[in-house]
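Asks: Sending over a structure as structure tokens; questions will come in a sec.
The values are calculated or read from the model by the stated rules, or taken from the named source; none is laboratory data. Note that this is a predicted model, so its numbers are computed, not measured. We place every Cβ from the backbone using ideal geometry, glycine too, and count neighbours over all the protein chains shown. What goes into the accessible areas is simple: the full protein's heavy atoms, side chains included, and nothing from ligands, DNA or RNA. Shrake-Rupley method; radii C 1.70, N 1.55, O 1.52, S 1.80 Å.
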Amino acid sequence: MRIVLALGLGVTAVFATLLALAQQAPPSRNVDDYVLVGLARVSLGSGVHVLSGNVGVNAAGSGPRQGLPGNRGTLFVSHDGTFDLTNGAAPVADTVRLSNHVTVGDVYANNFSAAQGASFHFPPFHFALFGSGRTLFAAPPELPPFTCAGSPFGAFVLPSGPTSLRPGAYGSLFAKSDVDIELAPGTYRFENIKLGTRSTLLAAGPVTVNVCGDLRLSNAVRIGFKNERSAKDFALNVAGQRVAFGRDDEVTAIVRAPNAHLRLGALQRLRGQFVADAVSSGPRVEVTCDTGSKHCSPVTTTTIPRSSTTTTTPATSTTTLPGVTAQVAEICGNCLDDDRDGLTDFEDPACCSDRQLFPMTVDTGRIRPHGSRSLLRLKSLLAAAGLSDVNPLRQDVFLQIRAERGGEVFCAKVPASRFIVKRPGVFSFRDRQHRVGSARGIDRLTVRIANNGIVRFRALARNAAFTSPRNGQLSVTVSFRNPLEAEGGNRCSTAQSLRTNRRGALRAP
């Protein structure tokens with residue numbers, strides 16, 4: 001019978017003997033059962049959460065540095081990493097090294113070490129590698145054939161706003177900040193792709209995107225689909241040697257870059273499969289396998305919210321593509337009034353219907369403007385009942401402030417990945433150095449869910465990025481949204497008729 005152990009530093013001689021005697025149960029050799037594959041090595045940052053699918057290294061280690069983090073044949077998991085036991089996620093490599101307080105289930109390794117507080121099923125599975133090349137897979141994942149010889153279009157630059165592309169061969173694609181690109185179903189080829197901050201690359205149906213060079217994503221970039229689809233319908237093949245993701249990106253795709261070092265930034269949500277020569281990640285990356293394999297957890301939705309797009313045609317030289325505004329529906333979670341009805345995101349019934357909306361009681365409300373910034377303190381009762389099913393660890397939390405006349409004043413988003421549990425029912429976010437741009441200057445935010453169903457909320461921002469109108473009325477809305485679920489799962493609480501004085505300050509009650 002297998003048991004779970006918490007080990008100290010190093011591997012003792014007794015433990016090495018037990019490894020040799022362990023049951024020879026081989027790991028899966030089906031690449032579709034893997035969410036992350038490093039052909040040479042994988043190094044995962046602190047707090048990484050593998051929700052489903054194995055993480056594997058194809059090559060075996062050799063030489064005097066064998067087994068060191070970041071070296072050939074090694075899968076290293078930094079402190080506080082988690083592999084979801086219920087979905088069978090497992091590390092698979094010739095050498096597996098677990099840092100402090102890593103939690104996994106089965107471990108497949110020929111050489112293994114675990115630091116203090118690491119938990120895993122004992123003993124790890126020893127397995128045989130294939131052939132003289134000593135590899136995990138008999139045939140490693142490769143790029144599908146595509147040509148990179150010539151293009152009818154030169155490089156082009158996309159400005160902020162919506163753009164639509166049709167299948168075909170393009171030059172290098174450079175998107176500035178806040179660019180929304182829609183891809184019609186079909187096959188595309190680009191020389192290089194670079195997407196600016198908060199840009200999106202969304203497909204309207206199954207697509208294959210072949211990149212001859214490098215792929216680079218800035219912060220808060222979204223790649224996936226306009227509507228609900230599986231990640232296996234978005235094939236992203238990169239032939240270059242560099243694939244770099246920024247901070248707080250969300251990618252839903254099958255990404256294959258066997259020649260590249262795939263660098264994953266912090267606070268990312270990745271769904272599908274990601275293959276590269278080497279994989280390294282920042283902290284608190286969440287990965288979910290979505291290849292169609294039975295080993296991967298099923299996908300219910302991969303909708304990624306951003307504004308709609310219009311049709312344009314790429315230029316034949318380096319240029320900017322024009323866009324034409326289209327009539328669009330309200331898209332929840334992008335802090336934009338997409339349908340131009342005067343209501344943004346969760347103020348709009350399209351994002352929070354009457355049955356999803358709860359009345360808020362403001363216990364303490366303070367706004368003190370200073371220049372283009374404001375001090376904000378808010379303490380409120382979101383709901384006395386009916387709202388206790390919210391979960392900031394799974395749902396992004398939004399704080400919106402709207403003026404009765406003049407539109408949206410403040411819209412901030414705190415990603416679910418940035419919350420921690422201080423104690424049961426208490427979820428906390430802290431960002432004194434304001435590294436989370438979407439939080440718009442919020443220093444602290446707390447959600448408390450009591451056992452009796454009461455939900456309370458607190459927020460503090462000493463330099464929030466807004467200023468309130470003078471002698472006006474404000475409404476406040478706090479919302480919870482999981483971007484991987486339909487909008488029917490949204491929950492919102494709102495307070496109306498908070499009046500500012502002649503200086504724009506608020507004091508309530």
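Asks: Tell me the Kirkwood hydrodynamic radius of the stretch 129-246 in angstroms, computed as one over the mean inverse distance between distinct C-alpha pairs.
Replies: 15.2 Å
Asks: Output the antiparallel fraction of DSSP beta bridges having both residues in the chain, as a percent to the nearest 5.
Replies: Of the beta bridges lying entirely in the chain, close to 40 percent run antiparallel.
Asks: Over the stretch 216-262, what relative contact order in percent results from Cα pairs under 8 Å that are six or more residues apart?
Replies: Dividing the mean separation by the residue count of the stretch 216-262 yields 49 percent.
Asks: Also, I was wondering about something else. Tally Lys and Arg at +1 and Asp and Glu at -1 over the other residues with C-beta under 12 Å from the C-beta of A278: what net charge comes out?
Replies: In short, +3.
Asks: Across the stretch 436-509, what fraction of all alpha-carbon pairs, as a whole percent, falls in each successive 10 Å bin from zero upward?
Replies: Percent of pairs per bin, in order: 15, 37, 37, 11, 0.
Asks: Given the -39500 (n - 2.57) contribution per DSSP H run of 4+ residues, what per-residue ellipticity at 222 nm results for the chain, rounded to the nearest 500 deg cm²/dmol?
Replies: Helix contribution divided over all residues of the chain: -500 deg cm²/dmol.
Asks: Greater than 32 Å separation of Cα atoms is the criterion. Which listed pairs, K294/K413; K226/K294; K176/K294; K176/K422; K226/K379, meet it?
Replies: K294/K413; K176/K294; K176/K422; K226/K379
Asks: Which is farthest toward the positive dipole end of the chain among S280, P415, F225, measuring Cα position about the Cα centre, with Cβ charges +1 (Lys, Arg) and -1 (Asp, Glu)?
Replies: Ranked along the dipole, the leading option is P415.
Asks: Please list, or write none, the aspartates and glutamates whose alpha carbon is within less than 14 Å of the alpha carbon of K232, excluding same-chain residues fewer than 8 places away.
Replies: Excluding near neighbours in sequence, the set is D32, D33, D290.
Asks: Which order do peptides 49-59, 175-185 fall in by mean Cβ count within 10 Å, highest first?
Replies: So the order, starting with the most tightly packed, is 49-59, 175-185.
Asks: Now for a separate question. For S293, what is the net charge nearby, where nearby means another residue's Cβ is under 13 Å from its Cβ and Lys, Arg count +1, Asp, Glu -1?
Replies: Spelling it out: positives minus negatives among the neighbours equals 0.
Asks: To the nearest 10 square angstrom, how much accessible area does R366 have with a 1.4 angstrom probe?
Replies: 60 Å²
Asks: Over the chain, calculate the relative contact order: mean separation of alpha carbon pairs under 8 Å at least 6 apart, over the residue count, as a percent.
Replies: Dividing the mean separation by the residue count of the chain yields 11 percent.
Asks: Okay, moving on. Quantify, in whole percent, the carbon and sulfur part of the accessible surface of the chain (1.4 Å probe; protein heavy atoms only).
Replies: 50 percent
Asks: Could you size up the charge dipole of the stretch 342-390 around its Cα centre, putting +1 on the beta carbon of Lys and Arg and -1 on that of Asp and Glu, and report it in debye to the nearest 20?
Replies: For the stretch 342-390, the charge dipole is close to 460 debye.
Asks: To continue, here is another question. Over the chain, give the accessible area per residue in Å² for a 1.4 Å probe, as an integer.
Replies: Per residue, the chain has an accessible area of 41 Å².
Asks: Right, another one. Peptides 33-45, 118-130: what's the order by average Cβ count within 10 Å, highest mean first?
Replies: 33-45, 118-130
Asks: Note down the Stokes-Einstein diffusion coefficient of the stretch 78-142 in µm²/s, whole number, using a Kirkwood radius over alpha carbon pairs, 25 °C, and 0.890 mPa s.
Replies: Once the numbers are plugged in, D ends up at 195 µm²/s.
Asks: Normalise the Cα radius of gyration of the chain by 2.2 N^0.38 Å (N = residues in it) and let me know the number.
Replies: 1.05
Asks: Would you tally the net charge around S218, using a Cβ to Cβ cut-off of less than 12 Å, leaving S218 out, and scoring K and R as +1, D and E as -1?
Replies: Result for the neighbourhood of S218: +3.
Asks: On to the next question. Explain nothing, just compute: Karplus ³J(HN,Hα) = 6.51 cos²θ - 1.76 cosθ + 1.60, θ = phi - 60°, for every residue of the stretch 109-123 in order, whole Hz, x for Gly and Pro.
Replies: 7, 8, 10, 9, 8, 9, 8, 4, x, 6, 10, 6, 6, 10, x
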